[in-house]
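The values are calculated or read from the model by the stated rules, or taken from the named source; none is laboratory data. All values derive from a computational prediction rather than experimental measurement. Every residue, glycine among them, receives a Cβ derived from its backbone with ideal geometry; neighbour counts consider all protein chains shown. For accessibility, only protein heavy atoms count, side chains too; no ligands or nucleic acids. Shrake-Rupley method; radii C 1.70, N 1.55, O 1.52, S 1.80 Å.
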Amino acid sequence: MLITKPYNRERAYEYAQRWALDRNPLFLNFAGIGGDCTNFVSQCVYAGSCVMNYTPTFGWYYISSEDRTASWTGVEFFYNFITQDEGVGPYASETDAGGLDIGDVIQLGQTEGDFYHSLIVTGFSGGQYLVSAHSQDSLNRPLDTYTYERIRFLHIEGVRMEIPDSPNCFDDLIEGIGL
């Protein structure tokens, strides 16, 4: 039986502030091999949830660069997991531009084809979102400085889990010493 807990937006924010312009040594930097944006967003969402879904193929987890799901690092795979999975882990719904909070996710796309970039919301200024990201490392960058043709907004509603989370998850994660 699954229980639901709130998503810890403060921890997602704190993690983004710490690692947006640097790399946590626990994770491979995918910047030179397809992009690191969704890897970074997944790390932030994990910091706010402290729950991974270890279901092979369709889960959402990172153990190592060779032992991870596509949803941890792929824009479309992340979207599919976070909006469709009903098992363990964080879950989100697509919303409109006004429906986001700190720690939510924005994805940018082309007119035709897939979405290609994931960003984490880390603030608000002058009526617009500030976001943080990897690939082109950004910390609290105004969303309107990006060029894109389509956009989608993902509001993280909560976290499903089977057992209570470890109280040390966040401390070890943000310090880069353990998952």
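Here the Karplus relation 6.51 cos²θ - 1.76 cosθ + 1.60, evaluated at θ = phi - 60°, turns the backbone of the range 80-91 into coupling constants of 4, 5, 5, 9, 10, 5, 10, x, 5, x, x, 9 Hz, with x for every Gly and Pro.
Within the accessible area of the chain, what % is carbon and sulfur when the probe is 1.4 Å and the other protein chains stay in place? C and S atoms contribute 49 percent here.
Solvent-accessible surface of protein heavy atoms, probed at 1.4 angstrom with all chains present, puts ILE63, ILE151, ILE120, ILE163 in the order ILE163, ILE63, ILE151, ILE120, largest first. Excluding the site residues themselves, the longest part of the chain lacking any GluC sites (Glu not before Pro) in a DSSP loop with at most 12 other Cβ atoms within 10 Å is 1-65.
Enter the accessible area per residue of the chain (Å², integer; probe 1.4 Å; all protein chains in place).
47
GNM on the chain, alpha-carbon springs under 10 angstrom: the most fluctuating residue among ARG141, ARG11, ARG23 is ARG23.
Considering only ALA16, TRP72, TYR46, the residue lying farthest towards the positive end of the dipole of the chain is ALA16, judged by Cα position with unit charges set on Cβ. Each helix, a run of at least 4 DSSP H residues, gives -39500 (n - 2.57); summed and divided by the residues of the chain, these come to -7000 deg cm²/dmol at 222 nm.
Rolling a 1.4 Å probe over the protein heavy atoms leaves HIS155 with an accessible area of roughly 40 Å².
Only one of (i) 10, 42, 38, 9, 0; (ii) 9, 25, 21, 13, 11, 9, 7, 4, 1, 0; (iii) 9, 28, 31, 20, 9, 3, 1 was calculated from the structure for P(r) over Cα pairs in 10 Å bins from 0, in percent, and its label is (i).
Picking from ALA16, ALA70, ALA47, which is most flexible by a Gaussian network model of the chain using Cα springs under 10 Å? Result: ALA70 has the largest fluctuation of those listed. Taking GLY103, GLY34, GLY113 as the candidate residues, the one with maximal mean-square fluctuation in a Gaussian network model of the chain, Cα springs under 10 Å, is GLY113. Label-to-label distance, LEU21 versus GLU162, with points set 7 angstrom from Cα along the beta-carbon direction: 4.2 nm.
For the range 99-154, which chymotrypsin sites (Phe, Trp or Tyr not before Pro) are in a loop by DSSP, counting at most 16 other Cβ atoms within 10 Å? Passing sites in the range 99-154 are TYR146, TYR148.
The distance from the alpha carbon centre of the range 112-138 to that of the range 1-75 is 16 Å, rounded to a whole number.
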